[in-house]
Amino acid sequence: MIKTIFSSKDSTLYQSSQSANTGNDGILQLSKFVSSSFGDLAVTRPVVHFDTTTVSASLAANGITTASSAGGLQWWLKLFISEEKDTQTEYQVVIHPIRESWTKGSGKSTHLPLTSDGVSWQYRDGTVPATQWTGVLGGRFFSGSAASESITQAFNNVQGDIEVNVTDMVHAWHNNQVTNNGFILKRSGSQETDSTIYGDQFYYSRNTNTIYSPRLEARYDDASHTFTATQGTKITVSHEVDIQPRLRPEYKQNSQERIWINTFIKGGARSQAGSVGSTYRHHLPQSSSYAIIDNATGEYVYKHDKDATYVGRTGTTENYIDIDMNGLFPERYYALEFKINHYSDLNVIATRYYKSNTLFKVVK
């Protein structure tokens, strides 16, 4: 299962405009400005916050916590690139948990004069009441080497979308070790302070009018891995199959849905199995997973994951998946894709993908 939390507030801190707030911008900017003489420089740092209260309470009520092994709960931070300019082939972005609270504000980078009613390089809450970051500028954050204080994502000739495991940071919030004040993103080490130009990364913010808002995903395995009894046949690498999820045309965005999976072998010989009065099914191998694809963009909303998107087993050879529709934007169509690993003993001998021809729509 994957549960998605969209950001509750975000902004960019600008060293060159130390009291400017951009809490209503549609873009978060990670940049370093270097003067033509390579002497002076100024950087920007995005900050983003997620309210995990409701989701974490729901998971804990079902015995799924980061501190336990049940479900293998992990938390993943995701931000999506809108534009990249003059980006180096290799660079690193580091994420830290913020130590102090901050106010979103209502500013935009296009405002003239610049708005200063929220978080900025100098202030946590604007020029009024003018609460400064304690002892520092540019945001006060935990910066130790432990995974609960620093996580680095390295890029090498790839698009700069952020997708990083922040489980230890979120666990520290939920274990009351630190307060949830969100995350700050910055360049790693000397890449923020030296005179090398690493380009500009522009990420979509919560105020974007696209489907690419920042999100925090809780990923865990709550699916059943066994059947109560076996009536039917597991498909093999030699089978040509048709996988048909039993989809309704529409689902409400605030719902959690169980979708049953029918699997048919194409061109099978006639048999009494499956005739009137009998029950016979084909089922997927135990390591099968699913992904969700946005039909308009062709991009994965949820990628295949051996735990979080595991195809469950229950009853007498029935496959199913559980989907939390809150993570899918409404008034859009989606497709399901299934990944099937075929094994010989413990070795994968073939992997095949099957995309459903039937779409489903999420509505408000």
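The values are calculated or read from the model by the stated rules, or taken from the named source; none is laboratory data. In this text, all values refer to a predicted model and were calculated from it rather than measured experimentally. Here the Cβ is made from the backbone with ideal geometry for all residues, glycine too, and neighbour counts use every protein chain on show.
Which residue pairs have Cβ atoms closer than 9 Å, lie 6 or more positions apart in sequence or on different chains, and pair a first residue in the stretch 42-56 that is assigned by TED's automatic domain parsing to the domain that holds TYR123 with a second residue that is acidic (Asp, Glu)?
Short answer, once both residue conditions are applied: VAL43/GLU192; THR44/ASP200; ARG45/GLU192; PRO46/ASP10; VAL47/ASP10; VAL48/ASP10; HIS49/ASP10.
Could you say whether any residue in the stretch 83-102 is assigned to a loop (DSSP other than H, G, I, E, B), in contact with a Ser or Thr (Cβ under 7 Å, 6 or more places away or on another chain), touching a residue at least 40 places away in the same chain (Cβ under 8 Å) and within 19 Å of LEU30 (Cβ to Cβ)?
Looking through the stretch 83-102, none of the residues is assigned to a loop (DSSP other than H, G, I, E, B), in contact with a Ser or Thr (Cβ under 7 Å, 6 or more places away or on another chain), touching a residue at least 40 places away in the same chain (Cβ under 8 Å) and within 19 Å of LEU30 (Cβ to Cβ).
Being in a loop (DSSP other than H, G, I, E, B), free of Cβ contacts under 8 Å to residues at least 12 places away in the same chain and either over 22 Å from SER188 (Cα atoms) or of a type outside the set (Val, Ile, Thr) (or both) is true for just one of GLY63, GLY126. Which residue is that?
GLY63
Quick check on ALA61: is it within 24 Å of the chain's Cα centre (by Cα), of a type in the set (A, V, I, L, M, F, W, C) and over 20 Å from LEU30 (Cβ atoms)?
Taking the combined requirement at face value, the residue satisfies it.
How many of the residues making up the stretch 323-353 are closer than 16 Å to TYR302 by Cβ and part of a strand (DSSP E or B)?
Total satisfying the criteria: 11.
Would you point out the residue of the stretch 1-40, among those that are modelled with pLDDT of 95 or more and aromatic (Phe, Trp, Tyr), that is nearest to LEU137 (Cα to Cα)?
Checked the stretch 1-40; the qualifying residue nearest to LEU137 (Cα to Cα) is TYR14.
Can you tell me which residue in the stretch 308-322 is surrounded by the most Cβ atoms within 10 Å (Cβ to Cβ), limited to those that are more than 22 Å from the chain's Cα centre (by Cα) and not in a strand (DSSP E or B)?
The qualifying residue surrounded by the most Cβ atoms within 10 Å (Cβ to Cβ) is THR317.
Any chance the stretch 240-249 includes a residue that's part of a loop (DSSP other than H, G, I, E, B), under 25 Å from the mean Cα position of the chain (by Cα), hydrophobic (A, V, I, L, M, F, W, C) and at pLDDT 95 or above?
yes
Can you pull out the residues in the stretch 155-166 that are outside any loop (DSSP other than H, G, I, E, B) and either modelled with pLDDT of 95 or more or in contact with a Gly (Cβ under 6 Å, 6 or more places away or on another chain) (or both)?
ILE162, GLU163, VAL164, ASN165
Looking at the stretch 161-189, which of the residues that are small (Gly, Ala, Ser) and more than 17 Å from the chain's Cα centre (by Cα) is surrounded by the most Cβ atoms within 10 Å (Cβ to Cβ)?
ALA172
Could you say whether any residue in the stretch 132-147 is more than 20 Å from GLN18 (Cβ to Cβ) and under 19 Å from the mean Cα position of the chain (by Cα)?
Yes, the stretch 132-147 contains a residue that is more than 20 Å from GLN18 (Cβ to Cβ) and under 19 Å from the mean Cα position of the chain (by Cα).
For the stretch 204-235, enumerate the residues that are of a type in the set (Ser, Thr, Tyr), at pLDDT below 90 and exposed (fewer than 13 other Cβ atoms within 10 Å of the Cβ).
Of everything in the stretch 204-235, those that are of a type in the set (Ser, Thr, Tyr), at pLDDT below 90 and exposed (fewer than 13 other Cβ atoms within 10 Å of the Cβ) turn out to be THR226, THR228.
Under 6 Å between Cβ atoms, at least 6 apart or on separate chains: pull out the pairs that start in the stretch 172-186 with a residue that is assigned by TED's automatic domain parsing to the domain that holds LEU30 and end on any residue that is part of a helix (DSSP H, G or I).
HIS174/SER56; VAL178/ALA172; ASN180/TRP173; LYS186/GLU192
Of all residues in the stretch 41-60 being assigned to a strand (DSSP E or B) and at pLDDT 95 or above, which is farthest from PHE141 (Cα to Cα)?
THR44
Identify, please: which residue in the stretch 262-296 is hydroxyl-bearing (Ser, Thr, Tyr) and modelled with pLDDT under 95 and is, among those, nearest to ARG352 (Cα to Cα)?
In this case the residue turns out to be SER288.
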